[in-house]
Every structure is written in structure tokens, then in C-alpha cells.
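Remarks on the structure that follows.
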Amino acid sequence: MTPAVADPLPYGPDTCVQGFVWREARPGDTVCVTPGVRDAIAAQNANAGANKDPQAGSGPESCSQGYVWREAFDGDTICVTPAVRSATLADNAAAASRKQTNVPLPTTFAAPAQAGGKVVFEVTGPGEVFNIVTDPDGTFVGDHTPLPFSRSMTIGPDTHLLQVVATGRDNPGPGCRIVLNGKVVAQQPIGGSAHCIYALPG
């Protein structure tokens, strides 16, 4: 009997890379964002009337001074700060790069023989990022984190996947690298929405 194999894309072409979830700013919104962003979007939707000023120049959906429309999708008039709108538009721009079907394969290298050890996640390039997600998880890396970025951790033999995803604020976009026990095991050059992934043998 052939053993069952798990579907590598359980949600079809809209399956997010690990560490990201659907934004759900409205039904059917499958833009991939961090869980923290999805929670913030849900809170904004729950208070849709907040920060509005119907007496302002854009009619009943006008925002109070200092706020702007979120614009997660056409017709999205939830009022947020300019920084939140900028981050939302960046999520829209990075949407395709966060779907598993569109992730470019990073350069991979021979793995160290031993299981476990020390791993270093690196995000390279100029400027700042909107966010960085690593697997295994570490402390959340938020907006305006300057590059280059590095995170080190010790992993055990039960760790089977190493991954770092970064969304840059500037051009060119960031690159990434994963170093395991002193050896590079995955790398992408500067110039995109960085995603380095390495499956450990065994």
C-alpha cells in the first residue's frame, strides 16, 4: 500500500509560506501577512466607525484629521494612521512572494552532517524592513527594523525546517542567508522579498 502523502499546498495556490496567514480584511482576502497584522486588521474591522469625520470633504466615509483610508482593497475606507496604510500597501505589494507556489528556490548547499546545533538567520541589504519571520520562532521583528539583521539560536535534533522571510521597505529588497553550524545551507541575493528555507535531512 502506498502511504498517504500530505498535500504540500493545503489551501491550493493561496497557501501562505510558513509564518504567514490570510489577512481577511474582507471575505476572500488571502493576502498573506503575519498573525499580528491579521489580529490588528480584525480589530480595525470591529471598530469600522472609528476615526471617521462625516463632515470632512470625502463624505460620510471621511477620516478624522491625521487618519487616512486603509486601502487594503478597492473601496476599503477603514480609517487608520498613514503608517498603517503604508504597511498595508506593502503587504499588498508582497502578496505574491508570500504564497508557497511563488517562492523562488534559494541556493542550497551541502548540510553539516550532525543534527541540531547552532543556526544563524541573516537578512542582508540596505534600509529597513516591515517585518521578519523566522522558523523556529524567535522574538517578533517589527516595522522599521534596520538591516543587516541577524538572529542566532540553538536547535535540537527534532528541528526539521529552517526558514527566514523578510519584507523590505526599500529598493533593492533584502536578501537572506541561513548558516547552520558554521556552514551556509540556504541563500538568496539582495533584490526581492527574501525567503530562505532549508529542510534538515532526516
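Laid out as a table, the results:
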item	result
Selected residue [at pLDDT 85 or above, at negative phi and either part of a loop (DSSP other than H, G, I, E, B) or over 22 Å from the mean Cα position of the chain (by Cα) (or both)] from Pro112, Pro126, Pro104	Pro126
Complete set of residues in the stretch 31-80 that are farther than 30 Å from Val165 by Cα and charged (D, E, K, R)	Lys52, Asp53, Glu61
The listed residue being within 22 Å of Val21 (Cα to Cα) and aliphatic (A, V, I, L, M), out of Val133, Val179	Val133
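The values are calculated or read from the model by the stated rules, or taken from the named source; none is laboratory data. It should be emphasised that the depicted structure is a prediction, and the values quoted were computed from it without experimental measurement.
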